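Novice: Once you've had a glance at the structure underneath, I'll fire off some questions.
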Amino acid sequence: MLSGGDPPGARRGRRLTRIVSLDVGSSSIRAVAYDESGEAEPGDAHVAYDRLDADELVDACRTVLAQVGEGDALAVSCFWHSLVAVDERDRPLTPVLTWRDLAGDPPPLDPVDYHRRTGCFLHPAYWPAKLVRLAAEGVHAARYLSFGDYLLLKLAGEARTSVSTASGTGLFDPNAGRWDDETLAALGLDAARLAPVSDEPVADVWPALGDGACSNLGVGCVSRERAAVMIGTSAAARVVYAAPHAEPRPGLFLYRVDDERYCEGGALSDGGNLHAWLLRTLRDLDTSGIADRPAAAHGLTFHTYLGGERSLGWDAHRRGAIDGLTFATTPIDIAQAAFENVCYRLADVLDAIGGIETFVATGRALLANQGWLQILADVLGRPVEVSGVAEGSARGAAMIALERLGLPVPPAPVAGVVEPRPPRHEIHRIVREEQRKTIRFQIERTREAQ
């Protein structure tokens, strides 16, 4: 694995005893301290946020770090794809732009060739569309940073970006390990206006890693055969594996963990945020017994694209819809259709990855909802291991730090296994195929109309 230079503790002539891990998620920030055995100390610190002001987020990070206390090193997991434009004095000119910002159109690049080179898609979740939009709005930036880069600048005095973070921008070639010249040329962007790519620490702080990659490492999904299925704010299915080279595959992203490992999979913009929307929108909704209801018997198809589509079709203009509503439809019918459809879409991603032997459930929204876990197992038709790690991304960042310091990485605990119910799996298999046929028909009809 990457050495990251000499271990910070070794440079001071003392043994590493405590790693503080900072997890900057899509809606909250958490700090957790780990010892050399990989065990989390009690008393982590957490703060939720709803404003994407870069300096306010830095202040929130400082707050949770102060509550946890100092460590021998700081490992950081940060949400992928974030962008902050800064001026000559590194002052933010924009809020922190995230995968949820769907405004803007990407530059005129061949989408197949672009995906082959970068492992990303011409979709506004990535930087190219955002940079085109900022230029059209007259934003004159000295350089462009991810929030993780900006955080490192504020905490340690230098902005650099990890291989992992760079691979999620849409400007990076994950196989060549450098910024992609053709994409930069299409944007009229010089690489000097981006943070230098390095995985080496600055003043005992490692450059932030992509949260998805960290999540896989944290829950022990580090081979092609073992997939993490995550529902947090959003949702994703991913595998991490070591390889000298990897080719991006249709519908799937291909990022990096470091210079040896890739992270491949698909992401949905609808996950725990969809559940939160259901709770806000549907009166007196109680999903506690949702898995005991007959599978897909509500007569609904809930197209869960409230946040647009990422995997597998990557259509930012797609929107959510519910087909089959009647006067007899109840709130729990709608919620069940929503949960099932998210699981169908995750199953589609897992099918596209292929070769998976073990599925590991992770993410706060999924781990906290036994009904959703059961539906996932029923849809997959396979046992689903329930991760025993409460904070997968935080633990993953800490485990990568242990690796880089030459310390052993302990296995991730498993809390239990959810078994599928075969009769329900057969129902879901049929409904999934019917919904795929409907979607293909709708796409063809839209193309004809255009």
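Novice: List the relative contact order of the chain as a percent without decimals, with contacts defined as Cα pairs under 8 Å and 6+ residues apart.
Specialist: 16 percent
Novice: I need the shape label for segment 212-254. Rule: rounded when a/c is under 1.5, else prolate if a/b > b/c, else oblate, with a, b, c from the alpha carbon gyration tensor.
Specialist: Oblate, since a/c reaches 1.5 and b/c is not below a/b.
Novice: Rank these by accessible area, largest first, 1.4 Å probe: ASP333, ASP50, ASP259.
Specialist: Order by accessible area, largest first: ASP50, ASP259, ASP333.
Novice: Report LEU93's accessible area, 1.4 Å probe, all protein chains in place, as a number in Å² to the nearest 10.
Specialist: 80 Å²
Novice: Can you compute 3J(HN,Hα) from phi for each residue in segment 306-320, using the Karplus curve 6.51 cos²θ - 1.76 cosθ + 1.60 with θ = phi - 60°, rounded to whole Hz and x for Gly and Pro?
Specialist: 4, x, x, 10, 9, 5, 9, x, 6, 10, 5, 8, 6, 10, x
Novice: For a paramagnetic label modelled at 7 Å from the Cα of LEU102 toward its Cβ, which residues of segment 123-150 fall within the zone defined by backbone nitrogen distances under 14 Å?
Specialist: Backbone N within reach: 123-126.
Novice: Here's another thing I want to ask about it. Taking the Cα atoms only, what angle lies between the long axis of helix 127-136 and the longest principal axis of the chain, rounded to 10 degrees?
Specialist: Between the helix axis and the principal axis of the chain, the angle is about 80 degrees.
Novice: Put +1 on the Cβ of each Lys and Arg and -1 on the Cβ of each Asp and Glu in segment 258-380; which of THR287, PRO331, GLY266 then has its Cα farthest toward the positive end of the dipole?
Specialist: Projecting each Cα onto the dipole axis, the largest value belongs to PRO331.
Novice: May I ask for the distance between the Cα centers of segment 346-390 and segment 245-308, given as a whole number of Å?
Specialist: That distance is 11 Å.
Novice: Given the options GLY271, GLY25, GLY218, state which has the largest fluctuation in a GNM of the chain using a 10 Å cut-off (strictly under) for Cα springs.
Specialist: Among GLY271, GLY25, GLY218, the largest mean-square fluctuation in the Gaussian network model of the chain belongs to GLY25.
Novice: Quick one: length gained pulling ALA191 to LEU285 fully straight, 0.36 nm per residue minus the C-alpha distance?
Specialist: My answer for the length gained is 28.8 nm.
Novice: Restricting everything to alpha-carbon atoms, can you work out Rg to Rh for segment 116-217 with a Kirkwood hydrodynamic radius?
Specialist: With Rg and the Kirkwood Rh in hand, the quotient comes to 0.96.
Novice: Let a ≥ b ≥ c be the square roots of the eigenvalues of the Cα gyration tensor of segment 162-243; is it rounded (a/c under 1.5), or, if not, prolate (a/b larger than b/c) or oblate?
Specialist: Prolate, because a/c is 1.5 or more and a/b exceeds b/c.
Novice: Name the residues of segment 84-108 whose amide N is less than 16 Å from a point 7 angstrom out from the Cα of HIS140 along the C-beta direction?
Specialist: It comes to 86-91, 93-94, nothing else.
Novice: Most mobile of LEU187, LEU209, LEU346 per a Gaussian network model of the chain (Cα springs, under 10 Å)?
Specialist: LEU187
Novice: Once you put a point 7 Å from the Cα of ALA243 and another 7 Å from the Cα of HIS46, both along the Cβ direction, what distance in nm separates them?
Specialist: Between ALA243 and HIS46, the label points sit 3.5 nm apart.
Novice: Just one of (1) 83, 28, 19; (2) 35, 27, 20; (3) 52, 22, 20 is semi-axes √(5λ) of the Cα gyration tensor in Å as worked out from the coordinates here. Which one is it?
Specialist: Evaluating semi-axes √(5λ) of the Cα gyration tensor in Å on these atoms matches (2).
Novice: Could I ask something else about it? When the convex hull of the Cα atoms of segment 101-155 is projected onto a plane and the area is averaged over all directions, what value comes out in nm²?
Specialist: Mean projected area of the Cα convex hull: 4.7 nm².
Novice: Put a dot 7 Å past each Cα toward the Cβ at GLU433 and VAL112; how far apart are the dots in nm?
Specialist: 2.9 nm
Novice: I'd like the per residue volume of the convex hull spanned by the Cα atoms of segment 290-389, given in cubic angstrom.
Specialist: Considering the Cα atoms of segment 290-389, their hull volume per residue is 113 Å³.
Novice: Most fluctuating residue of ALA213, ALA368, ALA316 in a GNM of the chain with Cα springs under 10 Å: which is it?
Specialist: Checking each option, the largest mean-square fluctuation is seen for ALA368.
Novice: What is the magnitude of the charge dipole of the chain about its Cα centre, with +1 placed on the Cβ of each Lys and Arg, -1 on the Cβ of each Asp and Glu, and no other charges, expressed in debye to the nearest 20?
Specialist: Approximately 460 debye in magnitude.
Novice: Report THR233's accessible area, 1.4 Å probe, all protein chains in place, as a number in Å² to the nearest 10.
Specialist: Looks like 40 Å² after rounding.
The values are calculated or read from the model by the stated rules, or taken from the named source; none is laboratory data. Remember, predicted model here, so these are calculated numbers, not experimental data. Neighbour counts are summed over all protein chains in view; Cβ atoms, including those assigned to glycine, are modelled from backbone coordinates with ideal geometry. Heavy atoms of the whole protein, side chains included, go into the accessibility calculation; ligands, DNA and RNA do not. Shrake-Rupley method; radii C 1.70, N 1.55, O 1.52, S 1.80 Å.
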